[in-house]
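The values are calculated or read from the model by the stated rules, or taken from the named source; none is laboratory data. Just so you know, these numbers come straight off a predicted model, no measurement behind them. Backbone-built Cβ (ideal geometry, glycine too); neighbour counts: all protein chains shown. Heavy atoms of the whole protein, side chains included, go into the accessibility calculation; ligands, DNA and RNA do not. Shrake-Rupley method; radii C 1.70, N 1.55, O 1.52, S 1.80 Å.
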Amino acid sequence: DAPPLDDFLKLVHPDDRERVRTRIFDIVAKREPFVDEYRVALSGSRVRTLSVRGDYLAADPSVGLPPRIAGTAQDVTAERAARIEREETEYRQSVLLSSLPDTMVVLYDRELRCRFVQGALMRELGADRDAFEGKLLSELVPQTRLETLEPAIHRAFAGESGTLEYGAGDGRTY
């Protein structure tokens, strides 16, 4: 026997309880499969996040089963916490990189494909992220600059540090 709805809802975190109740009635009314995520409150102030999926099952009088919903639940607490931490870190990095004047950070993979670009200098140069990300270095810089830049990037992959300077047409050096 399934527990009464109110007993089940006592397990659901108070902040999610009304949404879960409404969702259950919606699933029963529409008789459709479902995917959801909610928190459960455990003893000792512990909270876990569950990813649930299932379906509405019609009554089966031949075996005495009433209409019901059934499915599986997976504890995704650690995965959600890691995702939130990663998003917060990415946001902080984004804010930092966007606020540094005359700075542009470009990350390349080992195939010399641009995987990330950001910085205030992009705005100053009128550069768009889409013009960089996903493109090979050889598609982004002239051949003369590629001859010095490509070996420098390979040295960086090997753990070496270094500096490259290029003059801009307005007298500044980058």
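For the Cα atoms of the chain, what angle does the longest principal axis make with the long axis of helix 143-157, in degrees from 0 to 90, nearest 10? Roughly 60 degrees, rounded to the nearest 10. Residues whose amide H comes within less than 5 Å of that of Val141, counting only those at least five positions distant or on another chain, are absent (H built at 1.01 Å from N in the peptide plane). Here the sum of -39500 (n - 2.57) over DSSP H runs of 4 or more residues, divided by the residues of the chain, equals -13000 deg cm²/dmol at 222 nm, to the nearest 500. Once the Cα atoms are used to define both axes, helix 14-30 deviates from the longest principal axis of the chain by about 70 degrees. Dividing the mean sequence gap of close Cα pairs (under 8 Å, 6+ apart) by how many residues the range 82-145 holds gives a relative contact order of 25 percent. Quick check on the range 130-174: take the gyration tensor over C-alpha atoms, sort the square-rooted eigenvalues as a ≥ b ≥ c, and tell me if it's rounded (a/c under 1.5), prolate or oblate. Oblate, since a/c reaches 1.5 and b/c is not below a/b. Along the range 33-46 the Karplus relation, 6.51 cos²θ - 1.76 cosθ + 1.60 evaluated at θ = phi - 60°, assigns HN-Hα couplings of x, 9, 9, 8, 9, 7, 9, 10, 9, 9, 5, x, 6, 7 Hz to successive residues, with x for each Gly and Pro.
Scanning residues 5 or more positions from Arg48 or on other chains, those with amide H under 5 Å from its amide H are Val40, Leu42, with H placed 1.01 Å from N in the peptide plane. Sorting Arg129, Arg86 by accessible area puts them as Arg86, Arg129; the probe is 1.4 Å, largest comes first, and only protein heavy atoms count. Looking at the range 1-81, none of the GluC sites (Glu not before Pro) sits in a DSSP loop with at most 16 other Cβ atoms within 10 Å of its own Cβ. Annotation for the range 1-65: trypsin sites (Lys or Arg not before Pro) lying in DSSP loop with at most 15 further Cβ atoms inside 10 Å of their Cβ are Arg31, Arg46.
Under the criterion of Cα pairs below 8 Å and six or more residues apart, the relative contact order for the chain equals 10 percent.
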